[in-house]
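Every read-out reported here was derived from the displayed coordinates using simple, explicitly stated rules and does not represent laboratory data. As the structure is a computational prediction, the values presented were derived from the model and not from experiment. Note that we place each Cβ from the backbone using ideal geometry, even for glycine, and neighbour counts take in every protein chain shown.
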């Protein structure tokens, strides 16, 4: 067996390490009773080649762009193509957000990421009495196809990749249908569209709370409908982005982040297989969204473990033979939950080192959180600083010029192995609890997230997790010079809805919605029927009424 | 003591509200966790349940519009229970919320222990 790295004399190194620990290391007391990552993985005082000896170097690490892809998705990584600078944007009306898009592209953004307001994500139109206070908040308001046309006015959708941060499947299917319809109205062939839909049933059934969420099984069906249609018709579109980031923000550990994503991806691959799409066709189209949290090495190790786990899963479990099927691709966002309202400029420093971890871990795309996130959506100034942060790392630091620069670091490889091992164990537990859909329906998944969130909170409150400016070094909080004010939205959107409803062909729209309801009762993919409905002028809420009529509402088993 | 905990409007974040519900329960408060609620529903639930305290969480930015409606609903029903608010509340909004009648604002980073201390100070079964 080929030994990994330079661990030839494993026994000798191990013997010397023990001696070093007792004779030298133990002579000086440590400053804490134990050292671990934020997720609770033990951090040994020193890793050596003996930690890695006995493993098959080629089988475990190998080369970038080659199985098992631990060291990177592509052979040349950032020496060929830098990660996409993909800042999040979305607030107010489509006109407001279109202006922010243009500003970000002028700052050097190379991709866009579109967030939606609370009513849109929940399937409400802006003129609904329950929606009026939240319209345009936390994201852009979208009610009808015309909104998406305005959003992307002047944006070259055939040349820039766009991530639709649609969260849940009921919303994802409508927005992707509107995006495709927008391209068609411009005379473009939908084949040209590149981007990603966040389309993850966990978003409303475990990660966030919603009043009229679709139940897990129904949402999962719509999720797979979108994926199936996109795999067949949109060759450059990632029709799902498994929300590891959001799970993590909700409280998950690094291992939970991976395990809940991979058990979910496994369920999707099985379902697509039943629909006649084999792993070689489906797997290359699944993408992932991960967090860059506070423990630097844990995050880098997590990305490397994730690539290896994915390759092993699709080849060993699903028998993938097409090489693209085994290559995990992911977008990273620096962690919002690690940011503080106190001394907010400190957040720019946190985001910078988290972004560095993402790049050292081989991310394809990155959003750096703005330093004012604890209070508001980013101002133009804070959004620009976040974009500049990524640009400085990519263009000045030199880390983008080496492929997997930390590969072979003993501590990092040991953490990578440990995260892979623990993730496999947790994946097995999720399967034993009925798979990701069953574990969500039973409330087990949510209880797990609550427990992890509580452990993190207790760690911060009790001081085990120091947070500068919050529980230590608290003097000198100057606050924020400016808080972004979300523009009033409800009246402007209500006017557009009134106009669209007054001018559309009402009979055609009703027929399209009835047809959607008919398809929902079958096993066919609903994507074409949703597209026909939005092209006929149906609003988001009108489509959602049909979803709810079919699947009912589900309540998160909370607190 | 009986506390009502709810998330205001269509906001999607449960982490803070759940942490508050658990912390209050741990100190012996009877907690009614209602998830997402609109102002009228909150006021009606406070009346029907005889709540001694109303805890509302919001991170969406809807507090400026929805909280006045909560107070109107409570006043219309003669409910006197204090209302505390937590979540992403910009510091510059706090004076207006206090003027509106919010008893205290537990913004980002303020520890749960502050809320616990506040509850102990509030006249009722748990106060000193």
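Data overview
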read-out: Approximate shape of the stretch A:17-61 as ellipsoid semi-axes (Cα gyration tensor, √5λ), whole Å, largest first; value: 26, 17, 5
read-out: Folded to 0 to 90 degrees: helix A:540-551 orientation relative to chain A principal axis, Cα; value: 70 degrees
read-out: Helix axis angle, A:506-520 relative to chain A longest principal axis, alpha carbon, degrees; value: 40 degrees
read-out: Angle in degrees between helix A:254-274 and the longest Cα principal axis of chain A, rounded to the nearest 10; value: 50 degrees
read-out: Shielding of A:202-215 by partner chains, average beta-carbon count, 10 Å; value: 3
read-out: Distance (nanometres) between label positions extended 7 Å along Cα→Cβ at residue A:236 and residue A:392; value: 3.3 nm
read-out: Ranking of A:420, A:475 by count of other Cβ atoms within 10 Å, fewest first; value: A:475, A:420
read-out: Paramagnetic label zone (point 7 Å from Cα along Cα-to-C-beta, residue A:442; backbone N under 15 Å) in the stretch A:249-276; value: none
read-out: Part-to-part distance (alpha-carbon centres) for the stretch A:63-93 and the stretch A:340-375, which is given in Å; value: 17 Å
read-out: Approximate spin-label separation residue A:475-residue B:48, in nm, with each point projected 7 Å along Cα-to-Cβ; value: 5.3 nm
read-out: Residue-span extension gain [residue A:508 to residue A:10] - 0.36 nm each, minus C-alpha spacing; value: 171.9 nm
read-out: Order of A:410, B:118 - criterion: other Cβ atoms within 10 Å of each residue's Cβ, fewest first; value: B:118, A:410
read-out: Relative contact order [Cα under 8 Å, 6+ residues apart], chain A, whole percent; value: 19 percent
read-out: Residues A:302, A:501 arranged by fewest to most Cβ contacts within 10 Å; value: A:501, A:302
read-out: Segment residue A:523-residue A:102, length gained on full extension (0.36 nm per residue, minus Cα span); value: 147.5 nm
read-out: Two-site label geometry, residue A:27 and residue A:270: point separation in nm, points 7 Å out along Cα→Cβ; value: 5.7 nm
read-out: Translational D in µm²/s for chain A (Stokes-Einstein at 37 °C, 0.692 mPa s, Kirkwood Rh from C-alpha pairs); value: 134 µm²/s
read-out: Once the Cα gyration tensor of the stretch A:384-476 is diagonalised, semi-axes √(5λ) in Å; value: 33, 25, 16
read-out: Using a Förster distance of 60 Å, the FRET efficiency for residue A:324-residue B:75 (Cβ separation, nearest 0.05); value: 0.45
read-out: Sum of -39500 (n - 2.57) over DSSP H runs of 4+, divided by residues of the protein assembly as shown (222 nm, nearest 500); value: -14000 deg cm²/dmol
read-out: Listed peptides A:132-143, A:77-88, A:365-376 by packing density, highest first (mean Cβ within 10 Å); value: A:132-143, A:365-376, A:77-88
read-out: Modelled FRET efficiency - R0 25 Å, residue A:429 with residue A:454, Cβ distances, 0.05 increments; value: 0.80
